[in-house]
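Below is one structure, written out as structure tokens; comments come after it.
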Amino acid sequence: MQIRNTMVLSFEMIIRTFEELRERAKGLGPRRVVLVSADDEVALTAAAEALRLGIAIPVLAGDLRKIHEIAEALGLDALIERAEFVDAPNNTAATAVRLVRAGGAEILLKGHLRTDELLRAVLDKQDGLRTGRLLSDVMLFQYGNGERRLVGLTDGGLNVAPKLEQKIQIVENAIEVMRSLGIARPRIAIMSATEVVSDAVPSTGDAQALTAMGVEGAFGDAEVFGPLAVDNALLEWAAAAKGIRNPVAGHADCLVAPNIEAANMFGKAAKYLGGSACAHVVVGAKAPILIPSRVESAEDKLNAIALGVIFAAR
């Protein structure tokens, strides 16, 4: 009876929707999130809502005149009153990274600057946030026609054509993110165009190698399996139709794409064609890094802040 109760409790703790993601973040916050180049309407709106919900204490870094002008035009009076400000009109990314290094913030959120500008400061060998690990982006989207759940996707943001050694670290990063959502034994699908190993499709060979590593225990308490195509990774009936018998098949918690093109296109299809909200976090550095696209909504950026808070608190 004791074991059964524990299993039910663990199941209930898994975060399955973005509403649950934000609710969990409330209980773990507020945490200081530095908004880099904060003169961005959508990012400021998301920061204001994160502040209102008790998820984050925004630290607004950049040109303070521009930040105040935008915030005042948006009517974000509570944000102006309660946020912290860092005047850094030049080299804003480097200033924000130094702030995190000094313990003045725990999470980086991209504002009105390019992703490469922020990551250049993060990866600076002397003053950055390197750990020796590969950085990779893990996106969450909401999936399911009936009971909906959050599914991860990686890496559509940083690593263009990862080799096997990089994919090992991408899998490790993905497992860590999924565990922060309460999934004790994440099911990681190694994706390709087919579930059949073929020399003609090199990613299937990498998937086979990663699967073997998983069987040997290289990834700890996780199920890692591939190659899988999208249908038999997410649809139980599709996996059954092809005779694929593995805990990951049809029930994947996170999809590891073979390259950045596949992950990026799948992620944007899930959001803009499938209508899902999203959140994503870059892991592997000393702090979570949030690099939402310029076209993502304030809701998406709020979800990203919530995910960053949960990951930081793991």
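The values are calculated or read from the model by the stated rules, or taken from the named source; none is laboratory data. Small disclaimer: the values here were computed from a predicted structure and weren't measured. Every residue, glycine as well, gets a Cβ built from its backbone with ideal geometry; the counts of neighbours run over all protein chains shown.
Values for this structure:
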{"read-out": "Residue match in segment 172-195 (condition: more than 22 Å from Lys301 (Cβ to Cβ), surrounded by fewer than 16 Cβ atoms within 10 Å (Cβ to Cβ) and without any contact (Cβ under 8 Å) to a residue 24 or more places away in the chain)", "value": "no"}
{"read-out": "Out of Gly205, Gly152, sole residue that is among the small types (Gly, Ala, Ser), assigned by TED's automatic domain parsing to the domain that holds Ala269, part of a helix (DSSP H, G or I) and at pLDDT 95 or above", "value": "Gly205"}
{"read-out": "Matching residues in segment 127-167 - criterion: being β-branched (Val, Ile, Thr) and buried (at least 19 other Cβ atoms within 10 Å of the Cβ)", "value": "Val138, Val151, Thr154"}
{"read-out": "Residues (among the polar types (S, T, N, Q) and out of contact with any Lys or Arg (no Cβ under 8 Å at 6 or more places or on another chain)) located in segment 152-171", "value": "Thr154, Asn159, Gln166"}
{"read-out": "Arg185 vs. criteria touching an Asp or Glu at 6+ places or on another chain (Cβ under 8 Å) and of a type outside the set (A, V, I, L, M)", "value": "yes"}
{"read-out": "Those residues of segment 80-101 which are under 21 Å from Leu119 (Cβ atoms) and over 24 Å from the mean Cα position of the chain (by Cα), in sequence order", "value": "Val86, Ala88, Pro89, Asn90, Asn91"}
{"read-out": "Which listed residue, of Asp77, Asp63, is among the acidic types (Asp, Glu), more than 25 Å from the chain's Cα centre (by Cα), under 28 Å from Leu28 (Cα atoms) and surrounded by fewer than 22 Cβ atoms within 10 Å (Cβ to Cβ)", "value": "Asp77"}
{"read-out": "Selection within segment 268-298 - among the charged types (D, E, K, R), part of a helix (DSSP H, G or I) and buried (at least 19 other Cβ atoms within 10 Å of the Cβ)", "value": "Lys271"}
